[in-house]
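Taking it in order: structure first as structure tokens, then the write-up.
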């Protein structure tokens, strides 16, 4: 069975998501971008980096949100390994130990590098394909973290706070949506810098999600 997505619903969902992300970014809160499927990973890395937000593009580690203290300790370990590799201390270890440390570093870098700037839990999480990223969605729901997601017809929109109906398997579709959302984050940061200069952490918590757009729009 072929399901057709109404492009007007895509536009409405994107407008609502943009408004919310602009508010969140303007309030100084973090937004975590998640997209581990092959079609999404490169775009998620590029656009989240462009707007200065953390991302997960390789594999969602269980407990990334619900056991955040452990994730922070792993990030600390990653930094330790980088300092070790940058200096001469690594050469003092045996070849076998050097090989083990290098393997540990490569694995941790692949899984954690995108979350280096996540020094606290995010206010919001942007997801490409919530069915693929169901573990991430579950953790966000448990903690009350707002979710924004590009969802295809095979996903349940009720599991997401701000769904954006669209093709989550198309690289071009993912690029368009991610570019718009990253631009919204940059807009929020620019507004905060222009209006306040210094933004208190967590200020976005007081914001409410935008209402549904007029159906006749």
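See the values below:
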item: Residue within segment 49-62 that is in a helix (DSSP H, G or I) and not assigned by TED's automatic domain parsing to the domain that holds residue 109 present; result: yes
item: Restricting segment 1-45 to residues that are free of Cβ contacts under 8 Å to residues at least 12 places away in the same chain and in a helix (DSSP H, G or I), the residue that is nearest to residue 135 (Cα to Cα); result: 38
item: Options 65, 32; residue that is farther than 27 Å from residue 102 by Cα, buried (at least 17 other Cβ atoms within 10 Å of the Cβ) and under 15 Å from the mean Cα position of the chain (by Cα); result: 32
item: Residue in segment 162-181 that is without any contact (Cβ under 8 Å) to a residue 60 or more places away in the chain and touching a strand residue (DSSP E or B) at 6+ places or on another chain (Cβ under 6 Å) present; result: no
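The values are calculated or read from the model by the stated rules, or taken from the named source; none is laboratory data. Predicted, not measured: the structure shown is a model, and the values here were computed from it. As a convention, Cβ positions derive from the backbone with ideal geometry for all residues, glycine included, and neighbour counts pool all protein chains shown.
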